[in-house]
1. Determine, from the Cβ-Cβ distance of Asp15 and Ile45 and an R0 of 30 Å, the FRET efficiency 1/(1 + (r/R0)^6), rounded to the nearest 0.05.
2. At what distance in nm do the modelled label points of Arg31 and Ser8 sit from each other, each positioned 7 Å from its Cα along Cα→Cβ?
3. What does the extension gain come out to for Leu86 and Glu24, with contour length at 0.36 nm per residue minus their alpha carbon separation?
4. Which of the peptides 68-80, 15-27, 49-61 is most tightly packed, and how do the rest follow, going by the mean number of other Cβ atoms within 10 Å of each residue?
5. Within the stretch 62-81, what residues put their amide N at less than 15 Å from the label point 7 Å along the Cα-to-Cβ vector of Arg38?
6. Taking the Cα atoms of the chain, what is the range of coordinates along each of the three principal axes, in descending order and whole Å?
7. Taking the dipole about the Cα centre of the chain, with the C-beta of Lys and Arg at +1 and of Asp and Glu at -1, give me whichever of Ala23, Ile61, Ser8 is farthest to the positive side.
Amino acid sequence: MENEITESTGNVFEDLGFEGGEAENLRVRARLMAPLERSLREQGITQAEAAEELGTTQARISELTNGKIQAFSIDALINMLDRAGLEVDVNVRPKNA
């Protein structure tokens, strides 16, 4: 049996079958979650301490560290990044550029 290789679109969520806007929304949320989760891990704090720092619950931090992308809105992630002392920079460009 030979493996078939399919070229990526550049958006893993699109590759998984999510439609245009939904795929892009998931991609953006994943890109916001990664530095937040990395920052918390590097601080070496507990989920309870992270929840207090970010003004949320331990359960929400658990969702974050477990990559539950659909549990978070872009607004909520930006607010959490701000509370973590991280700045968000927005870059918009034409598709496939």
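1. Numbers: r = 34 Å, r/R0 = 1.14.
After rounding to 0.05, the efficiency reads 0.30.
2. The two pseudo-label positions are separated by 1.4 nm.
3. Numbers: separation 62, 0.36 × 62 = 22.32 nm, distance 2.19 nm.
Answer, rounded to one decimal: 20.1 nm.
4. Ranking, from highest mean packing down: 49-61, 68-80, 15-27.
5. Label zone hits: 81.
6. Principal-axis extents of the Cα atoms in the chain, largest first: 48, 37, 21 Å.
7. The listed residue farthest towards the positive side: Ile61.
Read the figures in this text as sums done on the coordinates, not as results from a lab. It should be emphasised that the depicted structure is a prediction, and the values quoted were computed from it without experimental measurement. So basically every Cβ, Gly included, is an ideal-geometry build from the backbone, and we count neighbours across all protein chains shown.
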